[in-house]
1. Please report, ordered by residue number, the helices (runs of 4 or more DSSP H) entirely within region 23-134 with at least 2 residues that are over 18 Å from residue 232 (Cα atoms) and not assigned by TED's automatic domain parsing to the domain that holds residue 163.
2. Conditions: (1) in contact with a helix residue (DSSP H, G or I) (Cβ under 6 Å, 6 or more places away or on another chain); (2) touching a residue at least 60 places away in the same chain (Cβ under 8 Å). Residue 162 meets all but one. Number of the miss?
3. So in region 1-33, with the set limited to residues that are modelled with pLDDT of 90 or more and surrounded by fewer than 15 Cβ atoms within 10 Å (Cβ to Cβ), which one is nearest to residue 85 (Cα to Cα)?
4. Within region 138-184, how many residues are under 19 Å from residue 210 (Cα atoms) and either out of contact with any strand residue (DSSP E or B) (no Cβ under 7 Å at 6 or more places or on another chain) or outside the structural domain of residue 114 (by TED's automatic domain parsing) (or both)?
5. Which residue is surrounded by the fewest Cβ atoms within 10 Å (Cβ to Cβ), if the candidates are limited to region 163-182 and must be part of a helix (DSSP H, G or I) and under 20 Å from the mean Cα position of the chain (by Cα)?
6. Name the single residue that is modelled with the highest pLDDT among those in region 138-149 being surrounded by fewer than 18 Cβ atoms within 10 Å (Cβ to Cβ) and part of a helix (DSSP H, G or I).
7. Take the residues in region 183-196 that are over 24 Å from residue 124 (Cβ atoms) and surrounded by fewer than 15 Cβ atoms within 10 Å (Cβ to Cβ); name whichever of them is modelled with the highest pLDDT.
8. So how many residues does region 185-211 have that are more than 12 Å from the chain's Cα centre (by Cα) and under 19 Å from residue 69 (Cβ atoms)?
């Protein structure tokens, strides 16, 4: 019945690959064709145990990258899935700026490929990075919250919108590392009457990890609220 309904939908509303723009066959799911899916470089090699950023093979004996050793972030563990370039960048851009919730099946397929790595988040509480209400109104949804909801179902956890963004900030995209840090300084706070459970594993969720300034600011806020075990998750690393 599902296959029949999918075939009817594909007839009236054909799907096209987000990368090559060719029509996607009925036997393929989502919005990335099988050929382009092979261009999706996944982070399945040596990665920093602190932030999830890929490391050179020769650095495999080092568990933490140079950036994390220098900044000593407020989170202890992190996972990212793919680099923010090529088809990975197109994926994030569609999700973030084009209300790309139609990419659900593609994201679920990615989670299945990382099933072993993501088992570290089993039963966790997922905390999405909050958007300012004006930016959320502009986009129509918070992509980090949407990712967190899918990830929580995959990991049998729950989502908790524990943080609020206290003021509107400029986009981090074109800022330097230091400017990013200043831009998100004292931006986040816990919701009123919200206290973090020191025995709960909190996983902060965002779409892209670049310098880690935003996720680290969120982690610091959770830690001040009583959280002791904090990890991060981002789809892409910049």
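1. Working: elements: 34-37, 66-71, 87-97, 104-113, 115-118.
Answer list for region 23-134: 34-37.
2. Result: residue 162 fails condition (1) only.
3. 20
4. 16
5. Just the residues of region 163-182 that are part of a helix (DSSP H, G or I), to begin with: 177-182.
With under 20 Å from the mean Cα position of the chain (by Cα) added as a condition, the list becomes 177, 180-181.
Values: 177: 12, 180: 21, 181: 18.
Among those that are part of a helix (DSSP H, G or I) and under 20 Å from the mean Cα position of the chain (by Cα), it is 177.
6. 149
7. Going through region 183-196, the residues over 24 Å from residue 124 (Cβ atoms) turn out to be 183, 185-186.
Then keep just the ones that are surrounded by fewer than 15 Cβ atoms within 10 Å (Cβ to Cβ); that gives 185-186.
Working: 185: 82, 186: 86.
Here the answer is 186.
8. Of the residues in region 185-211, 1 are more than 12 Å from the chain's Cα centre (by Cα) and under 19 Å from residue 69 (Cβ atoms).
The values are calculated or read from the model by the stated rules, or taken from the named source; none is laboratory data. For clarity, every value in this text was computed on a predicted model and none was experimentally measured. Here Cβ is always computed from backbone atoms with ideal geometry, including for glycine, and neighbour counts include all displayed protein chains.
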